[in-house]
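Worksheet: the structure to be examined is printed underneath.
What follows is calculated from the coordinates using simple rules that are stated; it is not laboratory data. Just so you know, these numbers come straight off a predicted model, no measurement behind them. Glycine also receives a Cβ, built like all others from the backbone with ideal geometry; neighbour counts cover every protein chain displayed.
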Amino acid sequence: MSANIRKIIVQVDEVRVEMGQAVNPPVRKALAMAVIDNPFAGRYEENLDALVAIGEELGGLLGRRCVQALGIEPGQAHSYGKAAIVGEAGELEHAAAILHPKLGAPLREAVEKGAALVPSSKKRGGLGTAIDVPLGHKDAAYVRSHFDAMEARVADAPRANEIVVAVVVTDSGRPLPRIGGLQAHEIKGQDGLR
């Protein structure tokens, strides 16, 4: 089953100044969201394979949209994250089915590599519900400069029978990071941690 997509929203957040200090180059985050029908809204279903397949489809689609919005090559992506908001006729397990089993592999392909776990969040909500998409470096989870988040929200979604699926990709870490730890230029990218 492929996703029945009502709308796709893509936006870029670009920070140029932080606490009066120039951020050069600017820190950019791209958010791509798909508002989709929930095929299991209003009923319990033991087998959620259809949502797993939809997650796989959306991982690549939304990841590519983020990379395109940033205007970068896939290998230039730094961080990623994913999230989903299920409408009131759905359940959290519907979001889990989309986000966890198969969304990550095509997202990693869209950003080239991605040895680290893709941070995620999920919740149930109504129209205009916001969710923070957690972020971490795509190749090394211990890079503190890339611990961040981006808020995702669609004014007219999710309706009761919908799910909002969000992916964020960045081209850098936080503005002006200075709390130490593993630096991006020190990444080995083999175990997903360092």
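Remarks
- Over all other residues within a Cβ to Cβ distance under 9 Å of Lys29, the charged ones net out to -3, with Lys and Arg as +1 and Asp and Glu as -1.
- In order along region 183-190, the Karplus-derived 3J(HN,Hα) couplings, from 6.51 cos²θ - 1.76 cosθ + 1.60 at θ = phi - 60°, round to 9, 4, 6, 9, 5, 8, x, 9 Hz, and Gly and Pro are given as x.
- GNM remark for the chain: springs join alpha carbons under 10 Å apart, and the peak mean-square fluctuation among Ala130, Ala84, Ala141 falls on Ala130.
- Cut-off under 5 Å, modelled amide H: who pairs with Lys7 long-range: Val35
- Estimated [θ] at 222 nm from DSSP helical runs (n ≥ 4, -39500 (n - 2.57)) normalised by residues in the chain, nearest 500: -6000 deg cm²/dmol
- Under 5 Å, built H, 5+ apart or other chain: amide partners of Val23: Val17, Glu18
- Pairs of Lys residues in the chain are counted when their Cα atoms are under 22 angstrom apart and they lie 8 or more places apart or on different chains; the count is 23.
- The stretch between Glu73 and Ala22 holds 15.9 nm of extra length on full extension. This uses 0.36 nm per residue minus the Cα-Cα distance.
- Scalar couplings 3J(HN,Hα) for region 54-71, obtained by applying the Karplus form with A = 6.51, B = -1.76, C = 1.60 to θ = phi - 60°, are 5, x, 4, 4, 6, x, x, 4, 6, x, 5, 4, 5, 4, 4, 5, 6, x Hz; x denotes Gly and Pro.
- Residues whose amide H lies under 5 Å from that of Ala149, counting only those 5 or more places away or on a different chain, are Leu135; hydrogens are built 1.01 Å from N in the peptide plane.
- The length gained on full extension between Glu151 and Leu127, counted as 0.36 nm times the residue separation minus their Cα-Cα distance, comes to 7.1 nm.
- Pairwise centroid distance, computed over Cα atoms, of region 46-60 with region 125-146, Å: 20 Å
- Angstrom value of the Kirkwood radius, inverse mean 1/r, which spans all Cα pairs in region 52-160: 14.2 Å
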